[in-house]
């Protein structure tokens with residue numbers, strides 16, 4: 001069993017692509033409990049990532065860990081409009097994400113400062129994932145992590161030359177092809193890999209496909225005895241047709257499998273003229289089609305320098321460019337050619353450059369760590385309209401709009417300095433970690449077209465402390481505790497402060513405060529011959545919560561109003577246990593109880609919205625995961641099930657989606673050598689094993705104050721039972 005991975009340095013140091021070390025005798029598992037850490041930290045290994053369907057989001061794999069909730073309307077968890085990831089009641093907009101130290105932003109759909117992990121790298125090239133549920137390290141490159149952090153690490157090039165290939169077929173005409181070539185270690189001290197990925201899959205309901213092409217490369221170069229250069233270049237071209245956003249009332253009236261009209265063009269035209277058929281009774285019951293297009297290039301290079309036996313310097317530079325369009329056939333705007341509908345787009349571009357540097361110095365019983373992060377980002381948001389001409393495929397980048405609602409350029413400048421010290425006492429049995437960070441984020445908006453707000457806004461904190469302790473009572477038992485303060489910077493983009501009218505922005509700017517949080521985290525870790533586990537207690541106070549209040553239906557795209565709605569208080573307990581039942585058999589269980597409540601009412605259009613004491617939206621109180629694994633040198637299987645409690649999608653808690661159980665199955669055959677291939681594997685994945693109908697994503701069009709009739713069109717249904725077969729091997 002992989003358990004209690006010891007870091008290569010002390011608590012303060014984050015090493016690239018660290019390899020966990022097995023220290024317990026149970027069968028192989030996937031959860032690593034962070035030995036010696038002062039915070040709750042857990043790990044997903046490469047082995048576990050390989051057990052899911054290739055192309056699945058690694059965030060979906062994290063769903064088994066305590067405190068984590070993951071939702072998506074597609075079987076891969078990669079359909080970005082529907083993807084929702086939360087930890088301890090904080091959604092992904094309040095978490096931090098990195099890949100090989102490079103910041104990925106908050107991975108929201110209209111992301112202005114990063115990109116989704118499914119676009120950043122092919123799932124086959126991820127080495128492992130580190131989750132900190134409560135609070136990340138002060139050195140993490142993120143200004144959105146009011147809650148925890150997720151750090152992805154790409155796999156290293158192999159020491160030997162080799163060709164790796166994988167092919168997946170399955171439900172909905174799925175075909176995924178992966179090919180990678182490793183140079184092996186050359187005489188120059190160089191090793192590298194190149195990989196290409198092509199995925200094609202149809203939606204599980206309705207018409208349309210969700211396709212992606214990716215190129216990944218990574219190089220590691222030894223420079224003398226004390227320096228190592230690592231660099232990567234990743235490219236992604238993703239095109240996904242949307243599922244229709246639903247409401248509870250629509251599901252009851254139109255059915256679980258209801259979707260947009262495509263390919264029935266005439267029905268969409270008739271509906272735009274308010275001529276409805278088949279149970280439809282409004283313009284918003286369906287649209288002809290919607291889609292999301294994203295092209296990304298991500299480049300990063302890290303130089304590790306060992307200045308002495310006690311001092312190490314790590315420096316990372318990166319560049320990210322993005323082009324994106326979201327398409328929506330809208331019946332609210334006619335085309336200039338006389339058709340009663342047009343194609344509305346939200347168009348994005350990102351160009352960001354950054355530098356991170358981290359110095360670690362071992363000085364007696366101290367490990368001192370300090371560094372900085374700077375980033376400059378240019379982001380553009382545009383809302384355009386294009387003529388619809390018929391039932392043609394518009395899954396490409398459109399140009400020459402006939403109307404523009406708004407266009408804004410945002411320049412975001414981020415600086416963050418941090419320093420920390422880890423002190424070890426009592427022969428390393430007791431560790432004290434203390435430090436702080438000083439983030440500063442300035443956003444400037446220039447309005448090119450439209451009436452949205454322009455100007456400048458800044459969020460900064462001189463001193464955000466983090467203090468933690470770890471005490472090893474025995475070699476198998478330890479206690480940990482920490483307290484952390486964090487800040488989330490103001491966000492540019494469609495739903496940020498600059499989405500307001502200029503007058504609302506000007507009036508509210510002086511009183512607008514950045515969101516902050518204070519988190520207390522404590523727990524107990526233990527390991528025995530046959531099991532390993534942890535129990536954690538936590539409390540978080542979330543202050544100055546900002547709420548973007550929608551003023552019309554999502555497709556209409558009216559400017560929102562940003563209001564401070566006070567505090568949220570979260571308290572909970574989470575536990576994880578991995579138990580070796582017998583040779584080759586492992587049982588994993590995780591349990592979460594999370595109580596997140598609003599502490600303050602707020603005012604909307606001079607009306608008090610009474611939410612004090614109500615449960616936070618999309619924050620299930622109880623989650624339970626159980627998974628039985630069987631693993632031999634030849635055969636492997638895994639069957640698991642997760643319970644997710646009911647979730648509210650209104651702030652007043654008058655509307656919710658029911659709790660549910662979802663089960664999955666993995667089974668396969670592997671050989672070190674087979675038919676001329678090395679590491680041969682054939683694997684079957686069955687998702688939603690019992691074919692359960694359930695609500696996956698909520699809040700797809702935002703959350704509502706109230707929805708007494710269940711008409712809020714902001715939920716998505718989960719995929720039915722899906723089958724996939726994957727074959728892989730190396731030469």
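The values are calculated or read from the model by the stated rules, or taken from the named source; none is laboratory data. Remember, predicted model here, so these are calculated numbers, not experimental data. Reconstructed Cβ throughout: ideal geometry from the backbone, glycine too, with neighbour counts over all protein chains shown.
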TODO: Tell me which residues, restricted to segment 81-102, are more than 12 Å from the chain's Cα centre (by Cα) and under 19 Å from residue 317 (Cβ atoms).
DONE: 100, 101, 102
Task: residue 259 being within 20 Å of the chain's Cα centre (by Cα), surrounded by 17 or more Cβ atoms within 10 Å (Cβ to Cβ) and within 28 Å of residue 650 (Cβ to Cβ) - done: no
Task: Selection status of residue 397, in a loop (DSSP other than H, G, I, E, B), in contact (Cβ under 8 Å) with a residue 60 or more places away in the chain and in contact with a helix residue (DSSP H, G or I) (Cβ under 9 Å, 6 or more places away or on another chain) - done: no
Task: Odd one out for residue 691 among (1) at pLDDT 95 or above; (2) in contact with a strand residue (DSSP E or B) (Cβ under 7 Å, 6 or more places away or on another chain); (3) within 30 Å of residue 634 (Cα to Cα); (4) surrounded by fewer than 16 Cβ atoms within 10 Å (Cβ to Cβ) - done: (2)
TODO: Scan segment 646-671 residue by residue and report those that are surrounded by fewer than 19 Cβ atoms within 10 Å (Cβ to Cβ) and part of a loop (DSSP other than H, G, I, E, B).
DONE: 646, 652, 653, 654, 658, 659
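Out of the residues in segment 274-312 meeting the condition of being more than 27 Å from the chain's Cα centre (by Cα) and within 30 Å of residue 214 (Cβ to Cβ), tell me which one is surrounded by the most Cβ atoms within 10 Å (Cβ to Cβ). Quick ask: steps written out before the conclusion?
Initially, segment 274-312 is screened for residues more than 27 Å from the chain's Cα centre (by Cα), giving 274-288, 304-312.
Restricting the remaining residues to those that are within 30 Å of residue 214 (Cβ to Cβ) gives 287-288, 304.
Numbers: 287: 23, 288: 25, 304: 18.
Here the answer is 288.
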Task: segment 143-166: number of residues that are touching a helix residue (DSSP H, G or I) at 6+ places or on another chain (Cβ under 8 Å) and either within 30 Å of residue 544 (Cα to Cα) or not in a strand (DSSP E or B) (or both) - done: 7
- [ ] Scan 643, 624 and give me the residue that is without any contact (Cβ under 8 Å) to a residue 24 or more places away in the chain, within 28 Å of the chain's Cα centre (by Cα) and not in a loop (DSSP other than H, G, I, E, B).
- [x] 643
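Just need a number here: residues in segment 105-129 that are in a loop (DSSP other than H, G, I, E, B) and in contact with a helix residue (DSSP H, G or I) (Cβ under 6 Å, 6 or more places away or on another chain).
Residues of segment 105-129 that are in a loop (DSSP other than H, G, I, E, B), as a first pass: 105-116, 121-122.
Filter once more, so that each one left must be in contact with a helix residue (DSSP H, G or I) (Cβ under 6 Å, 6 or more places away or on another chain): 106-108.
Residues flagged as in a loop (DSSP other than H, G, I, E, B) and in contact with a helix residue (DSSP H, G or I) (Cβ under 6 Å, 6 or more places away or on another chain) within segment 105-129 amount to 3.
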Open item on the list: Among the numbered criteria (1) part of a loop (DSSP other than H, G, I, E, B); (2) at negative phi; (3) touching a helix residue (DSSP H, G or I) at 6+ places or on another chain (Cβ under 9 Å); (4) at pLDDT 80 or above, which one does residue 28 miss?
Closed with: (4)
Open item on the list: Test of understanding: among 676, 702, which residue is loosely packed, with under 15 Cβ neighbours inside 10 Å, at pLDDT below 95 and on the phi > 0 side of the Ramachandran plot?
Closed with: 676
- [ ] Tally the residues that are farther than 12 Å from residue 194 by Cα and surrounded by 19 or more Cβ atoms within 10 Å (Cβ to Cβ), restricting the search to segment 212-227.
- [x] 2
Task: Failed condition for residue 140, given (1) crowded, with 24+ Cβ neighbours inside 10 Å; (2) in contact with a helix residue (DSSP H, G or I) (Cβ under 6 Å, 6 or more places away or on another chain) - done: (2)
Task: Among residues of segment 269-327, those that are out of contact with any helix residue (DSSP H, G or I) (no Cβ under 6 Å at 6 or more places or on another chain), within 30 Å of residue 397 (Cβ to Cβ) and not in a strand (DSSP E or B), counted - done: 11
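Can you name the strands (runs of 3 or more DSSP E) wholly within segment 167-252 that have at least 1 residues being without any contact (Cβ under 8 Å) to a residue 40 or more places away in the chain? Even if it seems obvious, please write down each step before you answer.
Details: elements: 174-182, 190-200, 210-223, 227-241.
Ranges flagged: 174-182, 190-200, 210-223.
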